[in-house]
Amino acid sequence: MHMNELILKKRNGGVHNEAELTYLVNEFVKGTIPDYQMSAWLMAVYFRGLTAEETAQLTLAMAQSGEQIDLSSIPGITVDKHSTGGVGDKTTFILASIVAACGVPVAKMSGRGLGHTGGTIDKLESIPNVKVALTKEEFFHLVRTVGVAVTGQSGNLAPADKLLYALRDVTGTVDSIPLIASSVMSKKLAAGSEAILLDVKVGSGAFMKTYEEALALAETMVAIGTHNHRKTVALITDMDRPLGQAIGNATEMAEVVATLQGQGPEDLVKESLALAANMLYLGGKGSFETCQALVQETLASGAAWAKFCEMVTAQGGEASVLTNPRFKEATYKDAVLAPVSGYITHMDAETCGRAALILGAGRYTKTDTLDYKAGIWMLKKTGDYVSAGETIGYVQSNTQETLAEAKARYISALTFGAQAPVEQPLVWARVTAEGTESYI
Ligand code: URA
């Protein structure tokens with residue numbers, strides 16, 4: 001087999017067989033296919049696409065390119081959850097606590113943030129002393145004994161994806177649905193859970209800006225999971241405004257704590273419950289209605305909050321830190337005032353994320369260090385009426401010089417108008433192997 005033949009085949013609209021895709025992935029990881037040939041093939045895929053079967057086979061070859069975690073020794077149906085990335089998205093901690101408190105084991109490997117979207121591991125790391133790089137033994141032990149553990153991704157999980165992603169990033173081939181789907185799902189397959197819940201974000205703060213794109217990605221990923229014998233469900237959820245009222249790391253963890261204590265913002269609570277109910281359903285906890293009732297009870301009873309504290313403690317942190325008001329405070333804090341009177345008709349979520357980045361909450365490059373306390377509190381969001389001069393939020397940071405620029409950027413993300421905007425649903429659709437239920 002020769003790579004130049006495979007490039008020509010895809011360029012001319014041909015369909016690869018499994019042996020060709022396995023060859024391509026394995027030889028690239030070994031270094032025998034040079035970057036320039038792989039770049040040409042990626043561009044051919046970008047324009048020609050991949051069939052559902054090719055996408056599933058490519059994904060499996062990528063998943064098999066490195067370590068594959070075997071979770072079969074953990075009792076119960078293990079369920080993984082993946083979000084395609086958003087602003088203010090801290091649902092993982094809420095739903096992992098709910099789901100684990102209901103007896104479904106959660107073995108969660110997460111990543112760090114890059115660009116305007118936050119990373120689960122960075123948020124967890126904002127809790128002093130919490131260990132986010134668990135050894136495999138520690139990870140398994142905690143999932144067995146506590147029922148939940150959250151750790152950074154193992155270095156050798158789907159190495160083909162790491163190499164391909166780095167190349168896509170510099171060759172204009174990131175935003176191809178089969179390539180995104182195979183990238184996400186290769187890591188999910190290698191991480192070993194029997195069932196997978198995907199949270200596909202749509203809107204101004206998401207990779208997928210339109211419903212059609214998000215739906216195509218969700219359907220492609222569900223098809224990959226199903227083809228590889230993993231029960232897979234995707235929810236398409238709104239990212240046309242940030243989720244909840246906090247953006248940042250410690251700020252977002254403080255909002256997780258408030259939510260688990262029954263005082264979370266409505267959108268975050270609703271979305272977390274919807275995701276948790278689907279995870280429980282995938283975990284075999286009964287009918288979907290039973291799971292919906294169970295997640296509400298588990299949040300309301302405080303069992304999920306207790307499970308979260310248990311997880312933080314087991315990973316080396318102190319739960320008492322979470323309820324100390326100083327946990328969410330930075331040295332400098334400044335009010336954001338409404339520039340005009342009117343309804344907030346739109347929030348550009350990506351720009352909100354970029355304002356948090358200016359404060360120090362995220363990274364411009366992989367080696368940047370974070371200010372864990374930096375972030376934004378959004379007191380008013382899309383649909384709220386505000387009066388000129390009213391405090392609509394706060395920016396905070398340990399670096400005073402960042403506040404003015406971040407405030408200006410945040411305000412630039414907001415659109416004001418005389419009419420209240422049409423309300424958007426939080427969950428736009430639910431995609432399963434059986435089909436798509438659309439709620440818009
Ligand atoms: N997230 C991933 O893991 N891969 C992509 O290609 C895009 C987003």
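Ordered by residue, what ³J(HN,Hα) values in Hz, to whole numbers, does the range 93-104 give under the Karplus form 6.51 cos²θ - 1.76 cosθ + 1.60, where θ = phi - 60° and Gly and Pro are x?
Whole-Hz 3J(HN,Hα) from phi for the range 93-104: 5, 5, 6, 4, 5, 5, 5, 5, 5, 8, x, 9.
Residue-wise, which Karplus ³J(HN,Hα) couplings in Hz belong to the range 413-428, taking 6.51 cos²θ - 1.76 cosθ + 1.60, θ = phi - 60°, and x for glycine or proline?
Working through the residues one at a time gives 7, 9, 10, 10, x, 7, 9, 5, x, 5, 6, 9, x, 7, 9, 8 Hz.
Take the alpha carbon atoms of the range 88-123, find their center, do the same for the range 223-238, and report the distance between the two centers in whole angstrom.
18 Å
Would you mind checking the tilt of helix 266-282 against the longest principal axis of the Cα atoms of the chain, expressed as 0 to 90 degrees and rounded to 10?
Roughly 40 degrees, rounded to the nearest 10.
Would you mind computing, in nm to one decimal, how far apart the modelled labels at residue 175 and residue 297 are, each placed 7 Å from Cα along Cα→Cβ?
It is 4.6 nm.
Rounded to the nearest percent, how much of the accessible area of the range 328-417 (1.4 Å probe, protein heavy atoms only) is carbon and sulfur?
About 49 percent, which is the carbon plus sulfur part of the accessible surface.
Rounded to the nearest 20 Debye, what is the dipole magnitude of the range 328-417 about its Cα centre when Lys and Arg each give +1 and Asp and Glu each give -1 at the C-beta?
Details: 10 positive and 10 negative charges, 35 e Å.
Here the range 328-417 has a charge dipole of around 160 debye.
Using the charge dipole of the range 258-351 (Lys, Arg: +1 at Cβ; Asp, Glu: -1 at Cβ; taken about the Cα centre), state which of 276, 302, 291 has its Cα farthest towards the positive end.
So the residue we want is 302.
For the Cα atoms of the chain, what angle does the longest principal axis make with the long axis of helix 349-359, in degrees from 0 to 90, nearest 10?
Long axis of 349-359 versus the principal axis of the chain: about 70 degrees.
Taking a ≥ b ≥ c as the square roots of the Cα gyration tensor eigenvalues, with a/c under 1.5 meaning rounded and otherwise prolate when a/b beats b/c, else oblate, which class fits the range 217-360? Walk me through the numbers on the way to the answer.
Values: a/c = 1.94, a/b = 1.30, b/c = 1.49.
It comes out oblate by the Cα gyration axes.
Please list, short to long, the whole-number percent of alpha-carbon pairs of the range 54-189 in consecutive 10 angstrom bins beginning at zero.
So the P(r) values, bin by bin, are 11, 39, 37, 12, 1.
Which of rounded, prolate, oblate describes the range 144-251, given a ≥ b ≥ c as roots of the alpha-carbon gyration tensor eigenvalues and a/c under 1.5 marking rounded, otherwise prolate only if a/b is larger than b/c?
rounded
Determine the calculated [θ] at 222 nm for the chain from helices alone, applying -39500 (n - 2.57) to every DSSP H run no shorter than 4 residues and normalising by the residue count; nearest 500 deg cm²/dmol. Can you show the working numbers first?
Numbers: 17 runs with 199 residues, N = 440.
Helix-only estimate at 222 nm: -14000 deg cm²/dmol.
Quantify, in whole percent, the carbon and sulfur part of the accessible surface of the range 196-264 (1.4 Å probe; protein heavy atoms only).
53 percent
Return the carbon/sulfur percentage of the accessible area of the range 17-87, one whole number, probe 1.4 Å, all protein chains in place. Don't jump to the answer; show the numbers that get you there.
Working: 1540 of 2980 Å².
That fraction is 52 percent.
List, in order, the whole-Hz ³J(HN,Hα) value for each residue of the range 176-193 obtained from phi through the Karplus relation with A = 6.51, B = -1.76, C = 1.60 and θ = phi - 60°; use x for Gly and Pro.
Once rounded to whole Hz, the list reads 10, 4, x, 6, 5, 4, 5, 5, 5, 6, 5, 5, 5, 5, 5, 6, x, 5.
Stretched out fully, how many nm does the piece from residue 261 to residue 15 gain, at 0.36 nm a residue minus the Cα gap? Show your work: numbers first, answer last.
Details: separation 246, 0.36 × 246 = 88.56 nm, distance 5.26 nm.
Gain on stretching residue 261 to residue 15: 83.3 nm.
Computed over the Cα atoms of the chain, what is the ratio Rg over Rh, Rh following Kirkwood?
With Rh from the inverse mean 1/r over Cα pairs, Rg/Rh is 0.97.
Does the range 328-417 come out rounded, prolate or oblate by the C-alpha gyration tensor, with a ≥ b ≥ c the root eigenvalues, rounded set by a/c under 1.5 and, if not, prolate when a/b is larger than b/c and oblate if not?
Cα axes put the range 328-417 in the prolate bin.
Counting only residues 5 or more places away or on other chains, whose amide H sits under 5 Å from the amide H of residue 231 once H atoms are built in the peptide plane?
Here the answer is 196, since their amide H atoms fall under 5 Å of that of residue 231.
Given H placed 1.01 Å from N in the peptide plane, which residues other than close sequence neighbours of residue 153 have an amide H under 5 Å from its amide H?
110
Excluding the sites themselves, what is the longest stretch of the chain that contains no GluC sites (Glu not before Pro) in a DSSP loop with at most 16 other C-beta atoms within 10 Å?
Free of exposed loop sites, the longest segment is 1-317.
Hey, can you grab everything whose amide H is under 5 Å from the amide H of residue 317? Only 5+ residues off in sequence or another chain; H modelled, so Pro and N-termini drop out.
Amide H neighbours of residue 317, under 5 Å, 5+ apart: 131.
Per 0.36 nm of contour for each residue apart, how much would the distance between residue 30 and residue 337 grow if the chain were fully extended, relative to their Cα-Cα spacing?
Gain on extension, residue 30 to residue 337, equals 105.0 nm.
So, in Å, what gap is there between the alpha-carbon centers of the range 372-419 and the range 262-294?
If you average the Cα positions of each part, the centres end up 30 Å apart.
Within straight cross-link reach of residue 333, meaning Cα distance under 27 Å, which lysines are found once same-chain residues fewer than 8 apart are removed?
Of all the lysines, those that pass the test against residue 333 - Cα under 27 Å, at least 8 places apart if same chain - are 90, 123, 366, 373, 380, 381, 407.
Find me the longest stretch of the chain that has none of the exposed chymotrypsin sites (Phe, Trp or Tyr not before Pro), where exposed means in a DSSP loop (not H, G, I, E or B) with at most 15 other Cβ atoms within 10 Å.
Looking at the chain, 1-363 is the longest stretch - no exposed chymotrypsin sites (Phe, Trp or Tyr not before Pro) with at most 15 other Cβ atoms within 10 Å.
With just the Cα atoms defining each centre, how far is the range 341-359 from the range 14-71? Give it in Å.
Answer, in whole Å: 38.
Accessible area per residue, 1.4 Å probe, Å², for the chain: what's the number?
40 Å²
To the nearest 20 debye, what charge dipole does the chain have about its Cα centre, counting +1 at the Cβ of each Lys and Arg and -1 at the Cβ of each Asp and Glu?
Values: 37 positive and 47 negative charges, 97 e Å.
Roughly 460 debye, rounded to the nearest 20.
The values are calculated or read from the model by the stated rules, or taken from the named source; none is laboratory data. Owing to the predicted nature of the structure, the values given are computational and were not obtained by experimental measurement. When we count neighbours, we look across all protein chains shown, and the Cβ atoms used for this are built from the backbone with ideal geometry, even at glycine. These area figures cover heavy atoms from the full protein model, side chains too; ligands, DNA and RNA do not enter into them. Shrake-Rupley method; radii C 1.70, N 1.55, O 1.52, S 1.80 Å.
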